[in-house]
Amino acid sequence: MSDLPPEAFAAALAALPGVGPARLAQLLADTDAESAWRRVAAERRPRPGDEVVAAGWAALGAAGVGVSVLGMPGYPPALVDDHEAPAVLFSKGGMAAIEGRRVAIVGTRNCTRYGRDVAFELGRDLAANGVRVVSGLALGVDGAAHSGALAAAAKGGGPPVAVVGSGLDVVYPRRHAALWRQVAEAGVLLSEAPLGAAPEAWRFPVRNRILAALAEVVVVVESPHAGGSRYTVDAAMARDRPVLAVPGPVRSPTSDLPNALLSEGCHPARDALDVLVALDLAPSAPSTSQTDRRPPPDATGSAVLDALGWQPASFEHVVVATGRAPGEVGLALAHLERDGWVVGSGGWWERVAPA
């Protein structure tokens, strides 16, 4: 028998080709990790030996990645009783970050500026009240929520919790490399994918069940009706988790899912206070939003802001809605962008919330 710990054999099983989360759970359901490894290894050609397990265990240690096995000490209590609990969970950071009240903030990668601002504010204000913000570290809503949570964590707020869809040494998306590092330092990164696992498409809807299982409340900021957020919502509802939705413009496709959820009876999440109420928590910290220090717009700028509302609009739309000349609208938009009231990208304009 090897001197390697059971976690090393469980991690080696998870890394074998063809052993996905469901198969891994089946293998470890009725026997210990070492016995399961030896049985599966005996069926492989060429047959992997203990040196494979040892090398994998050394690689995990070098990467600073921990391994938790369902049914063994150190496994997160928040997941123990879930009917789809991952059999093996890889982690980077402090697992104690999971201990506390938890809210998942989810939404589309292709969010509007409105959605990004709301996600940041929710993440910041919830973390300021000690809540652990759980998300997937994707572009858009996920990244904004975790950026907000990190801003509060730096001042003693709740640590962030991320569940990703690749190995913890495979940063995805690459532009979030710094965010991954910051979350691992301030909180914890989790994955059921072994080291080296690529961000294959199938891993993300499977990953979303873990987000739902960890969360006590799920908040949908912006999302089309179909997509990853829908998987998280369905998984949350299957677990009797409350789902809140951020109201959005009725003509905005990115608000299709949250607006539909509201029409189906879900409660709105207008701000962190709505979410704290769903958690049955009293606020322990005020909103950290600051007084708007931007130069006030002139009359034309105010008319342009009113025409924009809080959803993306084209230049032509703003001209028609204001009834002003194109040159006047163009100059007003340039001044508003300079002063931080709007952003323009790809021919579309959006309002910016106060910092």
**Bins of 10 Å from zero: percent of alpha-carbon pairs in region 97-147** = 32, 53, 15, 0
**Message:** For a quick size check, give me the Cα extents of region 292-355 along its three principal axes, largest first, whole Å.
**Reply:** 29, 23, 16
**Message:** Taking every alpha carbon pair in region 132-235, what does the distance histogram look like in 5 angstrom bins from 0, in percent?
**Reply:** 2, 13, 25, 26, 21, 10, 2, 0
**Asked** Ignoring any ligand, DNA or RNA, what whole percent of the accessible area of region 224-272 comes from carbon and sulfur when the probe is 1.4 angstrom?
**Response** 55 percent
**Message:** With every protein chain kept in place and ligands, DNA and RNA left out, what is the accessible area per residue of the chain? Probe 1.4 Å, answer in Å².
**Reply:** 45 Å²
**Message:** Using a Debye calculation, one point per C-alpha and no hydration shell, please list log10 I(q)/I(0) for region 246-355 at q = 0.15 Å⁻¹ in order.
**Reply:** -0.79
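About its Cα centre, what dipole magnitude does the chain give when the only charges are +1 on Lys and Arg Cβ and -1 on Asp and Glu Cβ, stated in debye to the nearest 20?
540 debye
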**Asked** R0 = 51 Å: FRET efficiency of Glu43 with Arg174, Cβ-based, nearest 0.05?
**Response** 0.90
**Complete:** Under the helix-only model (-39500 (n - 2.57) for each DSSP H run of 4 or more, divided by the residues of the chain), the mean residue ellipticity at 222 nm, to 500 deg cm²/dmol, is -13000 deg cm²/dmol
**Request:** Could you list the square roots of 5 times each eigenvalue of the Cα gyration tensor of region 197-302, that is, the equivalent ellipsoid semi-axes, sorted largest first and rounded to whole Å?
**Result:** 29, 20, 15
**Whole-Å distance, taken between Cα centres, linking region 123-172 and region 322-351** = 32 Å
**Message:** Can you give the log10 of the normalised intensity I(q)/I(0) at q = 0.21, 0.27 Å⁻¹, computed with Debye over equal Cα scatterers of region 6-62?
**Reply:** -0.74, -1.18
**Message:** What three numbers, in Å, describe the spread of the alpha carbons of region 121-170 along their principal axes, ordered from the longest?
**Reply:** 30, 18, 14
**Prompt:** At each listed q (0.08, 0.12, 0.14 Å⁻¹), what is the log10 of I(q)/I(0) that the Debye formula gives for the chain modelled as equal alpha-carbon point scatterers?
**Reply:** -0.45, -0.87, -1.09
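Averaged over every viewing direction, what's the projected area of the C-alpha convex hull for region 24-108? Give it in nm², one decimal, please.
For the Cα atoms of region 24-108, the hull's average projected area reads 8.0 nm².
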**Request:** Springs between alpha-carbon atoms under 10 Å, Gaussian network over the chain: tell me which of Gly187, Gly309, Gly148 tops the mean-square fluctuations.
**Result:** Gly309
**Request:** Could you work out the equivalent-ellipsoid semi-axes for region 59-134, taking the square root of 5 times each eigenvalue of the Cα gyration tensor, largest first, in whole Å?
**Result:** 28, 15, 13
**Message:** Given 10 °C and 1.306 mPa s, compute D for region 38-172 with the Stokes-Einstein relation, Rh being the Kirkwood radius over Cα pairs; round to the nearest whole µm²/s.
**Reply:** 95 µm²/s
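The values are calculated or read from the model by the stated rules, or taken from the named source; none is laboratory data. Everything numeric in this text was worked out from a predicted model, so none of it was measured. Note: ideal-geometry Cβ built from the backbone for every residue, glycine included; neighbour counts use all protein chains shown. Ligands, DNA and RNA are stripped out before the accessible areas are found, and what is left, the full protein with its side chains, is counted by its heavy atoms. Shrake-Rupley method; radii C 1.70, N 1.55, O 1.52, S 1.80 Å.
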